[in-house]
Amino acid sequence: MKRQRGHKARLHLTPSQLTAADEQGHAARTMCLKTYFRAWVNCWEGRAGEPNFKARFRSRMAIDIPQGRDLQIVRLSRRWGRMWAPKIGHVLFRWTKGLPVGKRANKSNKVTGARLVKEADGWHVVFRVQTEVPDPEPHTGPTVGIDRGITKPLALSDGTFRGHGDWLTPGESERLRRLEKESARKRHARNKGEKTSRRLARIYDQIARLRAKAKRRAVDWQHKTTTNIAETFSRAAVEDLAITNMVKSAKGTVEAPGTRVRQKAGLNRSIAQEAWGRTVTLLEYKMADRGGIVVNVPAPNTSRRCSACGFITLGSRETQARFVCKNPDCGFECNADTNASRNIDHAAGLAVSGRGAVADGQAEKRQPPTQPHAA
């Protein structure tokens, strides 16, 4: 089967190439604006809905190279490669992954195009790579349910957890705090309508680079963790969460103001930092490459139902981390996140077998766990 993947590498540009790349990026954005105006015409004429505009500071500069043959990719050494970019010339990039170029390229294995994107730490190139791979054999490993959270980023139904530390070191976090404090002070001291000073712009750039560093470390952890799960399990079950609704503001309106707004804002930031949606996206294609599947199950009551007896009993979840079934005939006890992941795995088994999920409040007879996990 043909597999389409993207591969990202960092560009090494000279000062003159950097200026040319920025000019090309602004020119490409002008073309996007023309598309945006055309979209409004289509909307006014009833052929489409209203388009969404992205302001300049919310968009990444990008240069698209649609044809792979125009890239002229050459490997220069173990760590460096060279490619051609329009209006920029030949540029160097970090060679971190084998690309189907030269003798390795053919009709089924090739680079079909690329896009240059500017991020906080500089310009990168994203290659579009097409390869021919054999169909994967069905995975024969065990199944697993995964509960996503904040205190425990990933809780697995086998009783294990996948966690991480802070994305920034204490020194980096302190530097980010000072930069944000300084930027806020300068921003409030600026007169209304006054242009952003170069000093404030440099502070913004430093903040963006630190946040980009944290994101790279988070994505690296997600890649390694999802690869391990995909290689170990044949089926991974996750909750079908409406993440966009979960991170909505609690401000409310003037007539009906919200409550505990600051606490909700902190929770929203924590959820956004974990990037639950990206974890599932990575897991889906990695499971498919290895012959496994990802199953989405309904989220309601997965943390309230006992994974041993199947009953929902009031007060069973004593704390955020402790679950003790209050059913007199059960008394099962384990970590609350582990209990939820066991329910998720069980619901996925019912969905795959075509029996459907257990109705809310309705118990299904289950065998008690052979190895109850400690709280």
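Where Lys and Arg each count +1 and Asp and Glu each count -1, what net charge lies around Leu267 among other residues with Cβ under 12 Å from its Cβ? Walk me through the numbers before you get to the answer.
On the way: positive: Lys248, Arg260, Arg262, Lys264, Arg269; negative: Glu274.
Charge balance near Leu267 sits at +4.
If amide hydrogens are placed 1.01 Å from N in the peptide plane, which non-local residues have theirs closer than 5 Å to the one on Gly149?
Those qualifying (amide H under 5 Å, at least 5 residues apart or on another chain) are Leu154, Ala155.
Can you give the extra length, in nm with one decimal, that the chain gains between Asn268 and Ile150 once fully stretched, where that is 0.36 nm per residue apart less the Cα-Cα distance?
On the way: separation 118, 0.36 × 118 = 42.48 nm, distance 1.06 nm.
Using 0.36 nm per residue and subtracting the Cα-Cα distance, I get 41.4 nm.
Once the other residues with Cβ under 10 Å from the Cβ of Ala9 are scored (Lys, Arg +1; Asp, Glu -1), what is the net sum?
Values: positive: Lys8, Arg10, Arg94, Lys97; negative: none.
The answer is +4.
Once you have the Cα-Cα distance between Asp70 and His26, take 0.36 nm times their residue separation minus that, and quote the gain in nm to one decimal.
On the way: separation 44, 0.36 × 44 = 15.84 nm, distance 2.13 nm.
Result: 13.7 nm gained on full extension.
Where in region 219-245 does the amide nitrogen come within less than 16 Å of the point 7 Å from the Cα of Leu168, taken along Cα to Cβ?
Residues passing the 16 Å test: 219.
Roughly speaking, what is the stretch gain from Val219 to Val352, that is 0.36 nm per residue apart minus the C-alpha to C-alpha distance, in nm to one decimal?
On the way: separation 133, 0.36 × 133 = 47.88 nm, distance 3.00 nm.
That works out to 44.9 nm of additional length.
Between the helical axis of 276-289 and the dominant principal axis of the chain, each derived from Cα atoms, what acute angle in degrees is found, rounded to the nearest 10?
Result, in degrees: 90.
Pick from Gly165, Gly193, Gly315 the residue whose mean-square fluctuation is largest in a GNM of the chain, springs joining Cα atoms under 10 Å.
Gly193
At 1.4 Å probe size, with every protein chain present, just tell me what the per residue accessible area of region 9-155 comes to in Å². Walk me through the intermediate numbers first.
Working: 9130 Å² over 147 residues.
It amounts to 62 Å² per residue over region 9-155.
Assuming R0 = 30 Å, can you tell me the calculated FRET efficiency for the pair Ser249 and Arg199, based on Cβ-Cβ distance, to the nearest 0.05? Kindly include the intermediate steps, with their values, before the conclusion.
Working: r = 32 Å, r/R0 = 1.05.
Efficiency at R0 = 30 Å is approximately 0.45.
Anything over 25 Å Cα to Cα? Flag those among Lys215/Lys264; Lys195/Lys215; Lys224/Lys264; Lys8/Lys213; Lys8/Lys264, in the order listed.
On the way: Lys215/Lys264 22 Å; Lys195/Lys215 29 Å; Lys224/Lys264 30 Å; Lys8/Lys213 15 Å; Lys8/Lys264 35 Å.
Beyond 25 Å: Lys195/Lys215; Lys224/Lys264; Lys8/Lys264.
Mind listing the long-range amide H neighbours of Val295? Cut-off is under 5 Å, sequence gap 5 or more, other chains count too, H placed in the peptide plane at 1.01 Å from N.
Residues meeting the criterion, in which the H sits 1.01 Å from N, are Ala236, Ala237, Val238.
Could you tell me which label, among [x] 1.02; [y] 0.94; [z] 0.99, carries the value of Rg/Rh (Cα atoms, Kirkwood Rh) calculated for this structure?
Answer label, from the structure shown: [x].
Just to be sure I understand the model, the point goes 7 Å from the Cα along the line to the Cβ. What's the resulting Val41 to Arg278 distance in nm?
3.8
Who wins for biggest fluctuation among Asn42, Asn268, Asn327 in a Gaussian network model of the chain, springs between alpha carbons below 10 Å?
Residue with maximal mean-square fluctuation among Asn42, Asn268, Asn327: Asn42.
With all protein chains present, how much of the accessible area of the chain (probe radius 1.4 Å) comes from carbon and sulfur, to the nearest whole percent? Each step should come with its number before you reach the end.
Details: 11930 of 22920 Å².
Here it works out to 52 percent.
Calculate one ³J(HN,Hα) per residue across region 2-14 by plugging θ = phi - 60° into the Karplus curve 6.51 cos²θ - 1.76 cosθ + 1.60, and present them in order as whole Hz with x for glycine and proline.
The phi angles translate into 8, 10, 9, 9, x, 10, 9, 9, 8, 8, 10, 9, 6 Hz.
Tell me the angle of helix 170-189 to the major Cα principal axis of the chain, expressed in degrees between 0 and 90 and rounded to the nearest ten.
Taking the Cα atoms of the chain, the angle to 170-189 is about 60 degrees.
Mean-square fluctuation check for the chain, GNM, Cα pairs under 10 Å: which of Ala236, Ala114, Ala340 is largest?
Maximum among the listed residues: Ala114.
Tell me the label-point distance for the pair Ser77, Arg10, using the 7 Å Cα-to-Cβ offset, in nm and rounded to one decimal.
If labels sit at Ser77 and Arg10, their model points lie 1.6 nm apart.
Measuring from label point to label point, each 7 Å out along Cα→Cβ, what is the Ala212 to Arg94 span in nm?
1.2
Note down the net charge around Ala212, summing +1 for each Lys or Arg and -1 for each Asp or Glu among other residues with Cβ under 9 Å from its Cβ.
Details: positive: Arg209, Arg211, Lys213, Lys215, Arg216; negative: Glu119, Asp121.
With Lys, Arg at +1 and Asp, Glu at -1, the net is +3.
The values are calculated or read from the model by the stated rules, or taken from the named source; none is laboratory data. Only a predicted model underlies this, so the values are computations on that prediction, with no experimental measurement involved. Neighbour counts run over all protein chains shown; Cβ positions are idealised from the backbone, glycine included. With ligands, DNA and RNA removed, areas are computed over all heavy atoms of the protein, side chains included. Shrake-Rupley method; radii C 1.70, N 1.55, O 1.52, S 1.80 Å.
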